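Working notes, beginning with the structure itself.
The values are calculated or read from the model by the stated rules, or taken from the named source; none is laboratory data. Keep in mind that this is a model prediction, so the values were computed, not measured. Counting neighbours? That spans all protein chains shown, and the Cβs are built from the backbone with ideal geometry, glycine included. We work out accessible area using only protein heavy atoms, side chains counted, and drop any ligands, DNA or RNA first. Shrake-Rupley method; radii C 1.70, N 1.55, O 1.52, S 1.80 Å.
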Amino acid sequence: MAEIVIKNGFVIDPARKINGDVMDIAIRDDKIVEKVGSGAKEIDARGKVVMTGGVDIHAHVAGPKVNVGRLMRPEDKLFKSPNAQAPYRVESGFSIPSTFKTGYDYARMGYAFVMEAAMPPLHSPHVHEEIHDTPIIDQGALPVFANNWFVLEYLKNREIENTAAYTAWLLMATKGYGVKLVNPGGTAAWAWGLNCLTLNDPVPYFDITPAEIISGLIETNEYLGLPHSIHIHQNSLGTPGNYEITLDSFRLAEGVKANNRFSRDSVMHSTHVQFHSYGGDSWRNFESKAKEVMDYINGQKNITVDLGCVTLDETTTMTADGPFEHHLNQLNHLKWANTDVELETAAGVVPYVYDKDIKVCGIQWAIGLELGLYAKDPMRTFITTDHPNAGPFIRYPRIIKWLMSKKAREETLESMKYTDKVIDATDIHSLDTERTLYEIAQMTRAGPAKALGLSHIFGSLAPGMEANVVVYDLNFNDMPDDPEQIERAFLRSSNFIKSGDIVVKDGDIVSHGNKRTFWVNAKVKENPQVIRDIHEKFLKEYTVGLGNYTVWDCLAPNPYVIDIDVEA
Amino acid sequence: MALVTLKPYKEPELYLECNNISPDAFAGKTAAEISELEVREGKTRVLLGDYFEVSGKPGDTAEETDIHIAGDCSRIKYLGTKMTAGSIKVDGNADMYVGGWMKGGKIHITGNVHSFCGIAMEGGEIIVDGNAENYVGSAYRGDWRGMRGGTIRIRGNAGNDIGTFMLGGTIIIEKNAFIHVSTHAEGGCVIIKGDVEGRVGGQMVKGDIYVLGKIQYMLPGFKKIGTVEKDIDGVSASFNHYIGDLGERHPRSKGKDIYANLFVMAS
Ligand SMILES: [Zn+2]
């Protein structure tokens with residue numbers, strides 16, 4: 001029995017409405033407890049902030065498209081791969097770090113859980129192999145559904161029960177966590193060289209619209225009562241004027257009630273809204289519609305969002321939105337990889353430089369932050385960069401700095417070549433809001449944990465919760481004048497205890513921890529038609545046999561399975 | 001100028017990665033401190049002094065520091081990486097990455113160099129009295145931002161992939177080269193005073209290539225537009241002027257398409 005007590009820190013735990021109270025946090029084995037004995041190992045957190053481990057709801061950190069990025073961009077590792085310090089593994093890469101660097105960097109920042117945001121079902125074994133090779137952090141993965149032939153065919157006929165049976169089967173087969181939608185219908189259309197740019201563009205051959213796919217999958221998700229809501233990357237990402245399509249998609253959630261036993265209230269998680277809050281009709285008159293988008297979200301309580309902030313870095317874009325990546329390649333002429341995943345999805349990868357001296361990039365940067373500042377409910381608005389699409393996840397501390405400090409925002413804005421044009425196209429210069437540590441904890445911990453249906457283990461320091469405790473070198477009562485210190489503190493935690501194991505000390509990794517893979521096993525009533533359809537499709541259409549499709553247990557050797565019995 | 005002399009006294013079993021042999025790393029240090037600089041042999045940390053006898057004293061700045069390696073560096077990589085000023089002279093050969101990412105100063109190798117000499121160079125001068133292997137003045141693997149400035153002169157032959165993704169600066173190969181010259185280049189100038197086997201200027205957007213010998217196999221993406229008289233690195237001659245690569249995208253300036261230029265000495 002291992003006991004630890006983190007003493008005298010300023011505890012910030014929004015789930016219990018604790019805001020900076022000086023308290024001790026006690027740990028026994030892998031859980032937080034009320035009290036421990038006098039022999040417990042003591043960690044002094046006096047003068048420092050104590051939070052629960054971070055929860056990242058959306059990042060691309062494992063699987064084939066991440067690996068294509070790594071293969072395609074050896075230059076991403078250049079001068080960014082310091083020699084290994086025994087007994088730890090070499091860390092390499094910046095925007096597409098190696099699996100080891102991914103685990104170490106998240107741990108240094110005090111993150112406990114990371115959701116891989118797009119798993120191509122056919123390649124789920126690869127996703128799980130990489131998750132297994134990513135130390136310390138717990139992870140899950142969201143298989144993509146919105147361009148899958150089974151789903152398109154069932155939903156075209158409004159067969160929710162069949163969609164649900166197939167969804168449950170696919171979650172089991174891929175050890176998946178929830179239902180991801182990427183450019184609903186548009187990626188399937190890409191196989192014909194087309195796209196679905198509005199919610200009513202029919203998908204070729206399947207003759208179903210994005211709106212029908214989205215509504216059908218919301219209904220399916222709530223029918224199954226999954227821990228997470230649907231998780232959607234909407235149509236028309238990254239296009240001037242797309243905010244209206246974004247609002248149209250949000251409206252599909254109106255009036256739908258969450259059905260689950262995981263205290264989740266939302267029925268739609270809309271990801272990287274920064275890419276979906278664009279006004280204008282070309283890059284010339286491109287402008288922010290962050291206010292319009294966030295005004296709607298503020299009033300629509302059953303939607304959660306993550307920001308997808310542009311961090312002004314050289315990065316690597318990668319998405320199952322195949323047509324978008326082709327479009328991006330036509331803009332920047334850099335390398336482009338593209339793949340079609342039979343019957344299921346597609347993907348593309350293109351390097352991208354968000355240069356602060358390019359007007360459009362400056363406006364994108366502002367939009368991400370405006371969304372974070374306009375949000376009225378930090379419990380429904382989460383910090384992400386759509387890693388690595390808008391920037392690498394190691395910039396979360398920088399986003400926190402920008403959200404917490406107008407001075408930091410103004411400094412970045414001032415350093416741009418087109419400061420005045422960025423100010424004209426956005427509200428960033430006039431926004432005085434500065435987020436508090438309490439709100440940051442909501443946006444990075446309590447909020448995402450609740451949206452993922454994991455608030456019973458993550459997102460709080462209440463007794464009984466998973467023993468994920470991080471200490472940041474920030475004085476709650478005397479916050480630094482220099483915003484750089486905020487970024488530094490969040491980048492390298494003083495201490496991080498993950499599931500009761502001390503994994504970070506003074507910003508350095510000191511243990512490989514005990515990572516787990518989270519997946520959802522939804523048991524539905526046996527559905528002979530769906531079973532027959534699966535067998536038939538694998539026989540006729542897939543290039544692999546059904547027996548070789550399912551993820552072997554050995555690829556997720558330390559599973560955390562959430563079982564759901566779906567009532568017939 | 002202040003001179004530091006390194007005398008190799010032990011052959012490394014593997015290759016030594018010596019990013020730390022540069023006027024920038026030496027400036028302001030004593031000979032003893034220079035001996036203590038860390039280098040890598042495979043995954044093992046070793047000290048410069050484990051392989052070199054260090055004597056003399058550097059200047060206070062890189063600019064005031066000359067380094068003389070009195071012996072062969074065939075198993076030494078990364079000499080002069082990122083150096084900004086001063087000089088390095090090697091009596092003999094050097095291994096890969098001589099003067100990589102170099103910004104200024106001068107490197108003189110009296111023997112041959114292995115691959116990646118002057119990779120992603122930004123300024124300064126590299127002179128190699130012998131031959132070079134592949135990737136002279138090329139971009140780093142995968143990068144689209146290659147050599148930006150400075151001069152590389154190889155007095156002997158060079159291998160393949162010279163000036164890949166080049167954006168500026170000059171590369172002179174005094175004898176022959178193999179294949180792939182200025183692939184993807186968007187600037188800069190490559191002069192080959194001998195023959196080239198082929199694949200000269202593939203996917204080249206902008207920039208110049210001069211071949212004073214013969215190209216055995218021309219790429220079909222280059223079109224002859226005339227003949228010009230030129231004075232190139234001390235040789236006055238008549239050149240056939242080609243533009244290309246016609247299969248690649250090209251920028252427009254003042255209403256005209258900008259092409260890469262390939263000049264081949266008229267026989
Ligand atoms: Zn994403």
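Name the one entry in A:Ala26, A:Ala15 that is among the small types (Gly, Ala, Ser) and either within 14 Å of chain B (Cβ to nearest Cβ) or in a helix (DSSP H, G or I) (or both).
A:Ala15
Of (1) open to solvent by less than 40 Å² (accessible area, probe 1.4 Å); (2) out of contact with any Asp or Glu (no Cβ under 8 Å at 6 or more places or on another chain); (3) more than 16 Å from the ligand (Cβ to nearest atom), A:Asp265 satisfies all except one. Which?
(1)
When you scan region A:354-362, do you find a residue that is in contact with a Lys or Arg (Cβ under 8 Å, 6 or more places away or on another chain) and either within 16 Å of the ligand (Cβ to nearest atom) or aromatic (Phe, Trp, Tyr) (or both), even just one?
No, because not a single residue in region A:354-362 is in contact with a Lys or Arg (Cβ under 8 Å, 6 or more places away or on another chain) and either within 16 Å of the ligand (Cβ to nearest atom) or aromatic (Phe, Trp, Tyr) (or both).
Residues that are within 30 Å of A:Asn8 (Cβ to Cβ) and within 26 Å of the chain's Cα centre (by Cα): which strands (runs of 3 or more DSSP E) entirely in region A:459-568 hold 2 or more of them?
A:469-472, A:495-498, A:501-505
Any idea which of A:Ile423, A:Ile363 is open to solvent by less than 10 Å² (accessible area, probe 1.4 Å), under 26 Å from A:Thr239 (Cβ atoms), of a type in the set (Val, Ile, Thr) and touching a helix residue (DSSP H, G or I) at 6+ places or on another chain (Cβ under 7 Å)?
Criteria check complete, one pass: A:Ile363.
Is it fair to say B:Tyr97 is assigned to a loop (DSSP other than H, G, I, E, B), surrounded by 24 or more Cβ atoms within 10 Å (Cβ to Cβ) and in contact (Cβ under 8 Å) with a residue 12 or more places away in the chain?
yes
Using the structure shown, decide if A:Leu343 is away from the ligand (no atom under 16 Å from the Cβ), open to solvent by 30 Å² or more (accessible area, probe 1.4 Å), in contact (Cβ under 8 Å) with a residue 12 or more places away in the chain and at positive phi.
Judged against the criteria, A:Leu343 is not a match.
When you look at B:Ile172, is it among the aliphatic types (A, V, I, L, M), surrounded by 16 or more Cβ atoms within 10 Å (Cβ to Cβ) and touching a residue at least 60 places away in the same chain (Cβ under 8 Å), yes or no?
Yes.
Going by the structure shown, is A:Ile43 part of a strand (DSSP E or B) and farther than 26 Å from A:Thr385 by Cα?
So A:Ile43 passes the test.
Got a number for residues in region A:1-17 being touching a residue at least 60 places away in the same chain (Cβ under 8 Å) and under 28 Å from the mean Cα position of the chain (by Cα)?
7
Scan region A:74-96 and tell me whether some residue there is under 16 Å from A:Val350 (Cα atoms) and within 16 Å of the ligand (Cβ to nearest atom).
Yes, that holds for at least one residue.
Among A:Pro120, A:Pro143, which is the only one that is without any contact (Cβ under 8 Å) to a residue 60 or more places away in the chain, within 16 Å of the ligand (Cβ to nearest atom), more than 30 Å from A:Tyr438 (Cα to Cα) and touching a Gly at 6+ places or on another chain (Cβ under 9 Å)?
Answer to the selection: A:Pro143.
Listed here are the residues, each with its yes/no results for (1) open to solvent by 10 Å² or more (accessible area, probe 1.4 Å); (2) within 16 Å of the ligand (Cβ to nearest atom); (3) not in a helix (DSSP H, G or I).
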residue	(1), (2), (3)
A:Asp201	yes, no, yes
A:Glu222	yes, no, no
A:His228	no, yes, yes
A:Gly238	no, yes, yes
A:Asn259	yes, no, yes
A:Trp283	yes, no, yes
A:Asp295	yes, no, no
A:Asn298	yes, no, no
A:Val305	no, yes, yes
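So for region A:55-63 (the condition being in contact (Cβ under 8 Å) with a residue 24 or more places away in the chain and either within 14 Å of another protein chain (Cβ to nearest Cβ) or open to solvent by 60 Å² or more (accessible area, probe 1.4 Å) (or both)), does at least one residue qualify?
no
Mind checking whether some residue in region A:94-101 is within 14 Å of chain B (Cβ to nearest Cβ), at pLDDT 95 or above and surrounded by fewer than 24 Cβ atoms within 10 Å (Cβ to Cβ)?
yes
If we keep just the residues of region B:177-193 that are in contact with a strand residue (DSSP E or B) (Cβ under 7 Å, 6 or more places away or on another chain) and assigned to a loop (DSSP other than H, G, I, E, B), which is most open to solvent (accessible area, probe 1.4 Å)?
That would be B:Lys193.
Suppose we keep only residues that are open to solvent by 50 Å² or more (accessible area, probe 1.4 Å) and free of Cβ contacts under 8 Å to residues at least 24 places away in the same chain within region B:45-76. Which one would you say is nearest to B:Gly28 (Cα to Cα)?
The extreme case among them is B:Leu47.
Can you tell which of A:Thr316, A:Thr311 is touching a Lys or Arg at 6+ places or on another chain (Cβ under 9 Å), within 16 Å of the ligand (Cβ to nearest atom), within 14 Å of another protein chain (Cβ to nearest Cβ) and in contact (Cβ under 8 Å) with a residue 12 or more places away in the chain?
Just one listed residue meets the conditions, A:Thr316.
How about region A:76-88: which of its residues are touching a strand residue (DSSP E or B) at 6+ places or on another chain (Cβ under 9 Å), assigned to a loop (DSSP other than H, G, I, E, B) and at the interface with another protein chain (Cβ under 9 Å from one of its Cβ atoms)?
If the condition is that a residue be touching a strand residue (DSSP E or B) at 6+ places or on another chain (Cβ under 9 Å), assigned to a loop (DSSP other than H, G, I, E, B) and at the interface with another protein chain (Cβ under 9 Å from one of its Cβ atoms), then A:Asn83 is the only one that fits.
Which residue, of A:Arg73, A:Arg108, is crowded, with 20+ Cβ neighbours inside 10 Å, within 14 Å of chain B (Cβ to nearest Cβ) and modelled with pLDDT of 95 or more?
Result of the check over A:Arg73, A:Arg108: A:Arg73.
Please find, within region B:123-142, the residue that is farthest from B:His68 (Cα to Cα) out of those that are within 14 Å of chain A (Cβ to nearest Cβ) and surrounded by fewer than 19 Cβ atoms within 10 Å (Cβ to Cβ).
Once the filter is applied, the top-ranked residue is B:Gly142.
Could you go through region B:103-120 and let me know if any residue there is of a type in the set (Val, Ile, Thr) and within 14 Å of chain A (Cβ to nearest Cβ).
Looking for residues that are of a type in the set (Val, Ile, Thr) and within 14 Å of chain A (Cβ to nearest Cβ), one finds at least one in region B:103-120, hence yes.
Please report, ordered by residue number, the strands (runs of 3 or more DSSP E) entirely within region B:208-267 with at least 2 residues that are open to solvent by 40 Å² or more (accessible area, probe 1.4 Å), at pLDDT 95 or above and closer than 19 Å to B:Ala158 by Cβ.
B:215-217
Give, as residue ranges, the helices (runs of 4 or more DSSP H) completely inside region A:348-449 that count at least 1 residues that are among the aliphatic types (A, V, I, L, M) and touching a His at 6+ places or on another chain (Cβ under 6 Å).
A:419-425
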